[in-house]
Amino acid sequence: MGWHYPRGVTGVFDIVASDEFEQVSYFHDAATGLRAIVAIHSTALGPALGGTRFYPYATEEEALVDVCRLARAMTYKHAVCGNDLGGGKAVIIGDPATLRSEALFRAYGRFVEGLNGRYITAEDVGTTQADMDLVRRETRYVTGVSESLGGSGDPSPATAWGVLWAMKAVAERLWGSPSLAGRHVCISGLGKVGATLARHLAEEGAKLTVADVRPEAVDAVVEQHGAVPVAPEQAHAVPCDIFSPCALGGVLDATTVPELRCDAVVGSANNQLATPADAERLRHRGIIYAPDFVANAGGVINIAEEPHGYDRQRAYDRIRSIYDTLLAVFDRADAEGTTTAEAADRIARERIAAVGATRLIRTGA
Ligand code: NAD
């Protein structure tokens, strides 16, 4: 059995119209084997910015549904964190291990250039900074290129900085002060984001418990910061102040949420909630959830600074605004008796409607 469109969906226009996508473009280059789809969900707030995922999708349909889902998520992420950017994403269909070549990325760059700035790309799963440097040779509309090319480099440190400020917002909310000194944080996933986050937290005087499937990653953080190790499958159940998922998505579900022994969940992992019902489960348990697309927005806030001429200090100052954004999300969720995830969605939708409407003002010839 292959993959098929969701029930009731028979073609591209059904998907595009179902959530008011502005544009979906298909690109093909026979010489390099490039097959790419760019989905632009919304440019109401600015050009659509989102990464290029290079993945061996089993079918075109699967690729289309994925690129649309990811593009839509970017619209909300940019909107809630105050970026003047819209939501877009791209996928290249195929196995990056065998298909990757200079010519393929340059062909892809020329297609992106052809969108004339409506879509700005970046790296994502399956693509690297080096790939984006190749894309840059054909188009200005790419971010996350090397610092030597005027880029902001690896977004992970910026993401970790943003998660730290998200935790500070939670601390303010729960304990009346943004200080994390003496607080116990359990981090699951010590990769590019998690390991940097552990360093920031150690500097803040937090107490750390850490988990990773790679023992060497755990050993390093235990040694450097005096963290306590825990098995990956037990990390979510550690009694602590904040549980921080920084590995895979889908960690908060009907089984794990009842086992949580924390006051808050704040991490970088994408799609932490297995289903929307899990946001409600957390709310019922009185556990504060920092919506993932707000807590992990440091990377895109950082990249959004590139088109203005990247300045690290300015970018990191802006990333700290995640603190105020989250406090607004918590207030809104309380006031409307809803989950923090839904409150963040509402704030994003309102900003798109309000700021997007100003585009109707005529600015001259
Ligand atoms: P990474 O690949 O560098 O790190 C992930 C770490 O998780 C690895 O060390 C891996 O060994 C570990 N891991 C895998 N399975 C695990 C498990 N079951 N339990 C515990 N640890 C496990 O990735 P990253 O760049 O640090 O990103 C981490 C998460 O944050 C991902 O979900 C990513 O999508 C998300 N994110 C990252 C960024 C960024 O700027 N890097 C931005 C936004 C969101």
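The values are calculated or read from the model by the stated rules, or taken from the named source; none is laboratory data. All of these numbers come straight from a predicted model, not from anything done at the bench. We place every Cβ from the backbone using ideal geometry, glycine too, and count neighbours over all the protein chains shown. Heads up: the accessible areas ignore ligands, DNA and RNA and are worked out on the full protein's heavy atoms, side chains in. Shrake-Rupley method; radii C 1.70, N 1.55, O 1.52, S 1.80 Å.
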For the stretch 226-250, pairs from a residue that is part of a loop (DSSP other than H, G, I, E, B) to a residue that is within 10 Å of the ligand (Cβ to nearest atom) and open to solvent by 40 Å² or more (accessible area, probe 1.4 Å), with Cβ under 6 Å and 6 or more apart or across chains, are GLY249/ASN270; GLY249/ASN271
Subset of the stretch 97-138, residues closer than 15 Å to ILE37 by Cα, among the basic types (Lys, Arg) and part of a loop (DSSP other than H, G, I, E, B), comes to ARG118
By residue number, the members of the stretch 197-223 that are under 14 Å from ALA295 (Cβ atoms) and open to solvent by 20 Å² or more (accessible area, probe 1.4 Å) are HIS200
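State whether one or more residues within the stretch 199-216 are in a loop (DSSP other than H, G, I, E, B) and either under 21 Å from the mean Cα position of the chain (by Cα) or among the β-branched types (Val, Ile, Thr) (or both).
Here is the first cut: in the stretch 199-216, the residues in a loop (DSSP other than H, G, I, E, B) are 205-206, 212-214.
Applying the additional criterion that residues be either under 21 Å from the mean Cα position of the chain (by Cα) or among the β-branched types (Val, Ile, Thr) (or both) yields 212-213.
The answer is yes; a qualifying residue exists.
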- request: Please work out if LEU180 is in contact (Cβ under 8 Å) with a residue 12 or more places away in the chain and either among the polar types (S, T, N, Q) or within 16 Å of the ligand (Cβ to nearest atom) (or both).
  value: no
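Do we find that GLU223 is in contact (Cβ under 8 Å) with a residue 12 or more places away in the chain, in the same structural domain as TYR289 (by TED's automatic domain parsing) and away from the ligand (no atom under 15 Å from the Cβ) in this structure? Give the steps one after another, and end with the answer.
Numbers: in contact (Cβ under 8 Å) with a residue 12 or more places away in the chain: no; in the same structural domain as TYR289 (by TED's automatic domain parsing): yes; away from the ligand (no atom under 15 Å from the Cβ): yes.
Here the answer is no, as GLU223 does not meet what is asked.
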Next item on the list: Determine whether GLY191 is open to solvent by 40 Å² or more (accessible area, probe 1.4 Å) and either closer than 24 Å to PRO291 by Cβ or away from the ligand (no atom under 15 Å from the Cβ) (or both).
Entry: no
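Determine whether the stretch 264-277 contains at least one residue that is assigned to a helix (DSSP H, G or I), more than 14 Å from the ligand (Cβ to nearest atom) and either open to solvent by 60 Å² or more (accessible area, probe 1.4 Å) or assigned by TED's automatic domain parsing to the domain that holds TRP175 (or both). Outline the logic, then answer.
Let us first name the residues in the stretch 264-277 that are assigned to a helix (DSSP H, G or I), namely 277.
Those left that are additionally more than 14 Å from the ligand (Cβ to nearest atom): 277.
Narrowing further to those that are either open to solvent by 60 Å² or more (accessible area, probe 1.4 Å) or assigned by TED's automatic domain parsing to the domain that holds TRP175 (or both): 277.
Yes.
Could you tell me whether TRP161 is within 15 Å of the ligand (Cβ to nearest atom) and open to solvent by 30 Å² or more (accessible area, probe 1.4 Å)?
On the way: within 15 Å of the ligand (Cβ to nearest atom): yes; open to solvent by 30 Å² or more (accessible area, probe 1.4 Å): yes.
The answer is yes for TRP161.
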So for the stretch 148-155 (the condition being surrounded by 18 or more Cβ atoms within 10 Å (Cβ to Cβ), closer than 21 Å to PHE111 by Cα, of a type in the set (S, T, N, Q) and within 16 Å of the ligand (Cβ to nearest atom)), does at least one residue qualify? no
Given the conditions (1) more than 16 Å from the ligand (Cβ to nearest atom); (2) under 22 Å from the mean Cα position of the chain (by Cα); (3) in a helix (DSSP H, G or I); (4) not assigned by TED's automatic domain parsing to the domain that holds GLN234, every one holds for LYS168 apart from (4)
